[in-house]
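*Asks:* Attaching a single structure in structure tokens format; questions to follow.
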Amino acid sequence: MACVATTTAASRVFFCSNRKPFFFLSINPSFRFIGCSNKHIVSCLKTPKNDSSLSIRCIQSAQDTLETMRNEGISSVCGRNVVDILEERGLLESITSENLRSACSKPKVSPLKIYCGFDPTAESLHLGNLLGIIVLSWFQRCGHKAVTLIGGATGRIGDPSGKSLERPELDIETLENNTVGIMNTITGILGRKTSISTIGNEKIQTTDMGLCDSFVILNNFDWWKDISLLDFLRNVGRFARVGTMMGKESVKKRLESEEGMSYTEFTYQLLQGYDFLYLFKNEGVNVQIGGSDQWGNITAGTELIRKILQVEGAYGLTFPLLLKSDGTKFGKSEDGAIWLSPSMLSPYKFYQYFFSVPDVDVVRFLKILTFLSMEEIRELEEQMKKSGYVPNSAQRRLAEEVTRFVHGEEGLLEALKATEALRPGAETKMDWKTIEEIVGDVPSCSLAYDQVLNASLVDLSVSTGLFESKSAARRLLKQGGLYLNNNRVDDEGKKIEAVDIVDGKVLLLSAGKKNKMIIRIP
């Protein structure tokens with residue numbers, strides 16, 4: 001099955017595998033539309049205006065799902081238990097019951113449904129969220145079904161887990177935009193096989209969703225919008241014990257802080273707990289996954305299911321948080337967040353981040369962020385210890401694998417092309433278009449043509465901010481570290497000639513391998 005959006009921000013056209021329009025989806029008007037094609041069912045739900053509720057379903061039989069995965073060339077790991085795979089790769093922190101291992105053991109006979117939630121607190125997910133998608137993908141690859149839940153309701157409150165301050169309140173329009181952005185990211189990552197199709201006289205980029213039939217995107221506002229406070233207190237609140245809620249780690253830390261915790265935040269664990277109960281009862285979801293800081297919220301859900309529905313079979317699984325070298329989480333509030341959306345961080349910049357990780361982290365990242373076999377990862381680790389090892393070879397493989405998973409083959413090729421074009425000493429012929437594509441990722445400035453032509457390179461490198469002083473520029477030039485359009489400059493008196501200006505529009509100055517300045521010439 002193929003699903004794709006047109007290039008406009010306000011609308012999307014989805015296509016079946018025969019490349020005919022499947023249905024038209026407009027983000028802004030209220031709608032509730034379901035489309036069907038043979039055994040494939042796709043529904044897009046948008047409830048009344050200002051409720052920020054938007055859900056996509058893409059469902060197929062388990063047998064067809066496994067067949068699709070085989071046809072897409074996804075490596076078969078169904079012979080192994082997915083929990084064992086996660087544990088081996090360092091992606092398992094805790095599980096609520098060892099029975100989960102046996103429940104995962106027969107995906108061809110009784111596949112599980114696993115969900116991970118994402119509150120729309122930004123218009124893109126970030127690197128800290130990627131582990132949740134990777135764990136979902138591992139379950140998919142082992143024959144189970146993935147459910148991603150967008151917190152259209154819980155995003156209005158904000159999860160206090162791991163936060164020292166209450167999250168800022170977001171308006172409805174922002175929540176809606178964030179919801180659409182996150183859904184686009186998830187849909188792209190969990191199943192992508194991009195091609196260009198011609199419909200009439202128009203070329204449309206389509207995405208053949210190879211794993212589309214094994215995942216669902218839901219929005220918890222779909223059920224919360226109909227629940228009143230009295231209903232919630234009667235049906236859910238009376239089953240919650242205040243002492244247990246206060247004993248959750250996320251609550252204790254906030255209560256001990258100077259800021260404290262609002263009642264709104266205090267109830268968040270019950271909202272997330274009820275989400276699990278609703279999905280267990282109405283969608284057949286068996287497992288909730290999340291980072292280790294979500295343990296309290298996840299167990300709140302398993303407890304509600306046990307108390308209210310009086311059944312077993314609901315499980316929780318947490319994975320370690322992805323931490324920086326200083327021990328802090330990857331998030332969106334810190335400077336330099338690693339966004340997953342290409343509109344917020346280009347594939348080039350995304351690739352460069354992983355290419356630059358230190359040796360001490362690269363093997364760990366290969367295990368948790370890629371789907372390479374453990375044998376291949378061990379081989380890379382052994383190569384790093386040998387005298388003939390080419391520096392950053394393991395990082396290059398890491399960057400390629402993660403960029404391909406998040407941005408697809410096209411995004412990876414874009415990143416590789418830009419990387420080569422910006423590499424000092426590269427023999428690749430530079431062109432204006434390639435440089436312009438990465439101008440948002442590299443410091444740049446604009447100068448008039450007559451300000452550039454015949455200007456001293458040393459003077460230009462200082463006036464544009466590449467160097468703080470002429471002496472610093474001359475010193476690096478003598479050391480062989482000053483480049484113009486990737487060509488090393490040895491002449492201290494070098495002046496800019498017309499032939500130096502790429503396509504008459506741009507110059508690229510480089511101080512060593514990392515510091516660059518793009519000069520745009522209008």
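The values are calculated or read from the model by the stated rules, or taken from the named source; none is laboratory data. Note that the structure is a prediction, hence the values are computed from the model and not measured. Note: ideal-geometry Cβ built from the backbone for every residue, glycine included; neighbour counts use all protein chains shown. Accessible surface areas use protein heavy atoms only, side chains included; no ligands, DNA or RNA. Shrake-Rupley method; radii C 1.70, N 1.55, O 1.52, S 1.80 Å.
*Asks:* Which helices (runs of 4 or more DSSP H) sit wholly inside the stretch 241-326 and have at least 1 residues that are small (Gly, Ala, Ser) and touching a strand residue (DSSP E or B) at 6+ places or on another chain (Cβ under 8 Å)? Talk me through it step by step, then tell me what you get.
*Replies:* Values: elements: 242-246, 249-256, 263-266, 268-282, 295-304.
Filter on the stretch 241-326 gives 295-304.
*Asks:* Taking the stretch 481-522 as the region of interest, how many residues are surrounded by 13 or more Cβ atoms within 10 Å (Cβ to Cβ) and either part of a loop (DSSP other than H, G, I, E, B) or on the phi > 0 side of the Ramachandran plot (or both)?
*Replies:* Step one: of the stretch 481-522, the residues surrounded by 13 or more Cβ atoms within 10 Å (Cβ to Cβ) are 481-489, 492, 494-496, 500-502, 505-512, 515-521.
Imposing the further condition that a residue be either part of a loop (DSSP other than H, G, I, E, B) or on the phi > 0 side of the Ramachandran plot (or both) reduces the set to 481, 485-486, 489, 492, 494, 496, 501, 505, 512, 521.
Looking only at that region, the number is 11.
*Asks:* Let me ask another. Taking the stretch 100-112, which residues are within 22 Å of Gly301 (Cβ to Cβ) and either open to solvent by 40 Å² or more (accessible area, probe 1.4 Å) or under 27 Å from the mean Cα position of the chain (by Cα) (or both)? So that I can check it myself, show each step before the final result.
*Replies:* Going residue by residue through the stretch 100-112, those that are within 22 Å of Gly301 (Cβ to Cβ) are 100-104, 110-112.
Leu100, Arg101, Ser102, Cys104, Ser110, Pro111, Leu112 - these are the residues of the stretch 100-112 that are within 22 Å of Gly301 (Cβ to Cβ) and either open to solvent by 40 Å² or more (accessible area, probe 1.4 Å) or under 27 Å from the mean Cα position of the chain (by Cα) (or both).
*Asks:* Here's a follow-up. Touching a helix residue (DSSP H, G or I) at 6+ places or on another chain (Cβ under 7 Å), at pLDDT below 90 and of a type in the set (Ser, Thr, Tyr): is that true of Thr434 in this structure?
*Replies:* Numbers: touching a helix residue (DSSP H, G or I) at 6+ places or on another chain (Cβ under 7 Å): yes; at pLDDT below 90: yes; of a type in the set (Ser, Thr, Tyr): yes.
For Thr434, the condition - touching a helix residue (DSSP H, G or I) at 6+ places or on another chain (Cβ under 7 Å), at pLDDT below 90 and of a type in the set (Ser, Thr, Tyr) - is met.
*Asks:* Check Ala415, Ala448, Ala394, Ala421 and return the single one that is more than 23 Å from Leu130 (Cβ to Cβ) and either touching a His at 6+ places or on another chain (Cβ under 7 Å) or crowded, with 18+ Cβ neighbours inside 10 Å (or both).
*Replies:* Details: Ala415 fails: more than 23 Å from Leu130 (Cβ to Cβ); Ala448 fails: either touching a His at 6+ places or on another chain (Cβ under 7 Å) or crowded, with 18+ Cβ neighbours inside 10 Å (or both); Ala394 fails: more than 23 Å from Leu130 (Cβ to Cβ).
Going through Ala415, Ala448, Ala394, Ala421 in turn, just one is more than 23 Å from Leu130 (Cβ to Cβ) and either touching a His at 6+ places or on another chain (Cβ under 7 Å) or crowded, with 18+ Cβ neighbours inside 10 Å (or both): Ala421.
*Asks:* While we're on this one: What helices (runs of 4 or more DSSP H) lie completely within the stretch 341-420 and have 1 or more residues being modelled with pLDDT of 90 or more and over 28 Å from Leu508 (Cα atoms)?
*Replies:* Output list reads 359-369, 374-384.
*Asks:* Only one residue in Val502, Val506, Val442 is touching a Phe, Trp or Tyr at 6+ places or on another chain (Cβ under 6 Å), within 21 Å of Ser346 (Cα to Cα), in contact (Cβ under 8 Å) with a residue 12 or more places away in the chain and of a type in the set (A, V, I, L, M, F, W, C). Which one? Steps first, answer last, please.
*Replies:* Details: Val502 fails: within 21 Å of Ser346 (Cα to Cα); Val442 fails: touching a Phe, Trp or Tyr at 6+ places or on another chain (Cβ under 6 Å).
Exactly one residue qualifies, and that residue is Val506.
*Asks:* Which of the following residues is more than 30 Å from Gly188 (Cα to Cα) and not aromatic (Phe, Trp, Tyr): Leu416, Leu422, Leu447, Leu412? Give the steps one after another, and end with the answer.
*Replies:* On the way: Leu416 fails: more than 30 Å from Gly188 (Cα to Cα); Leu422 fails: more than 30 Å from Gly188 (Cα to Cα); Leu412 fails: more than 30 Å from Gly188 (Cα to Cα).
Only one candidate passes the filter, namely Leu447.
*Asks:* Next question. Going by what's in this entry, would Gly210 be described as modelled with pLDDT of 55 or more, in contact with a Gly (Cβ under 8 Å, 6 or more places away or on another chain) and open to solvent by less than 20 Å² (accessible area, probe 1.4 Å)?
*Replies:* Details: modelled with pLDDT of 55 or more: no; in contact with a Gly (Cβ under 8 Å, 6 or more places away or on another chain): yes; open to solvent by less than 20 Å² (accessible area, probe 1.4 Å): yes.
It is false that Gly210 is modelled with pLDDT of 55 or more, in contact with a Gly (Cβ under 8 Å, 6 or more places away or on another chain) and open to solvent by less than 20 Å² (accessible area, probe 1.4 Å).
*Asks:* Looking at (1) part of a helix (DSSP H, G or I); (2) of a type outside the set (Phe, Trp, Tyr); (3) surrounded by 15 or more Cβ atoms within 10 Å (Cβ to Cβ), which one does Leu218 not meet, given that it meets all the others?
*Replies:* All conditions pass for Leu218, except number (1).
*Asks:* Answer with yes or no whether Leu466 is under 26 Å from Phe355 (Cβ atoms) and either in a loop (DSSP other than H, G, I, E, B) or hydroxyl-bearing (Ser, Thr, Tyr) (or both). I'd like the intermediate steps shown before the answer.
*Replies:* On the way: under 26 Å from Phe355 (Cβ atoms): yes; either in a loop (DSSP other than H, G, I, E, B) or hydroxyl-bearing (Ser, Thr, Tyr) (or both): yes.
So Leu466 passes the test.
*Asks:* Please count how many residues of the stretch 304-321 are open to solvent by 50 Å² or more (accessible area, probe 1.4 Å) and under 15 Å from Val287 (Cβ atoms).
*Replies:* Qualifying residue count for the region: 3.
*Asks:* Looking only at residues that are of a type in the set (Lys, Arg) and either modelled with pLDDT under 90 or assigned to a strand (DSSP E or B) (or both) in the stretch 127-162, which one is most open to solvent (accessible area, probe 1.4 Å)?
*Replies:* Of the residues in the stretch 127-162, the ones of a type in the set (Lys, Arg) are 141, 145, 156.
Remaining after also requiring either modelled with pLDDT under 90 or assigned to a strand (DSSP E or B) (or both): 145, 156.
Details: Lys145: 46, Arg156: 82 Å².
Within the stretch 127-162, the match that is most open to solvent (accessible area, probe 1.4 Å) is Arg156.
*Asks:* Residues of the stretch 235-267 being basic (Lys, Arg) and either under 17 Å from Lys281 (Cβ atoms) or open to solvent by less than 20 Å² (accessible area, probe 1.4 Å) (or both), which ones? Give the derivation first.
*Replies:* Looking only at the stretch 235-267, we keep the residues that are basic (Lys, Arg), and these are 238, 241, 248, 252-254.
Hit for the stretch 235-267 is Arg254, nothing else.
*Asks:* In the stretch 260-302, what count of residues is obtained for those that are of a type in the set (D, E, K, R) and closer than 25 Å to Pro111 by Cβ? Let's see the steps before the verdict.
*Replies:* Start the filter on the stretch 260-302 by keeping residues that are of a type in the set (D, E, K, R), which leaves 265, 275, 281, 283, 293.
Checking the rest, the ones that are also closer than 25 Å to Pro111 by Cβ come to 275, 281, 283.
Selection size over the stretch 260-302: 3.
Results for (1) touching a helix residue (DSSP H, G or I) at 6+ places or on another chain (Cβ under 6 Å); (2) more than 19 Å from Phe319 (Cβ to Cβ), shown as yes or no for each residue.
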| position | (1), (2) |
| --- | --- |
| Arg254 | no, yes |
| Glu258 | no, yes |
| Met261 | yes, yes |
| Leu271 | yes, yes |
| Tyr274 | no, yes |
| Lys281 | no, yes |
| Gly284 | no, yes |
| Val287 | no, no |
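*Asks:* Residue check, Gln288 against (1) in contact with a Gly (Cβ under 7 Å, 6 or more places away or on another chain); (2) open to solvent by 10 Å² or more (accessible area, probe 1.4 Å); (3) modelled with pLDDT of 95 or more, all met but one. Which one?
*Replies:* Unmet condition: (2).
*Asks:* Then there is this: Given (1) open to solvent by 80 Å² or more (accessible area, probe 1.4 Å); (2) modelled with pLDDT under 90, where does Arg167 come up short, assuming only one miss?
*Replies:* (1) is the only condition that Arg167 fails.
*Asks:* If the requirement is being open to solvent by 20 Å² or more (accessible area, probe 1.4 Å) and in contact (Cβ under 8 Å) with a residue 40 or more places away in the chain, which of these qualifies: Ser97, Ser124? Give the derivation first.
*Replies:* Numbers: Ser124 fails: open to solvent by 20 Å² or more (accessible area, probe 1.4 Å).
The conditions single out Ser97.
Table: residues versus (1) over 15 Å from Gln352 (Cβ atoms); (2) free of Cβ contacts under 8 Å to residues at least 40 places away in the same chain.
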residue	(1), (2)
Glu375	yes, yes
Glu379	yes, yes
Ala394	yes, yes
Thr403	no, no
Gly408	yes, no
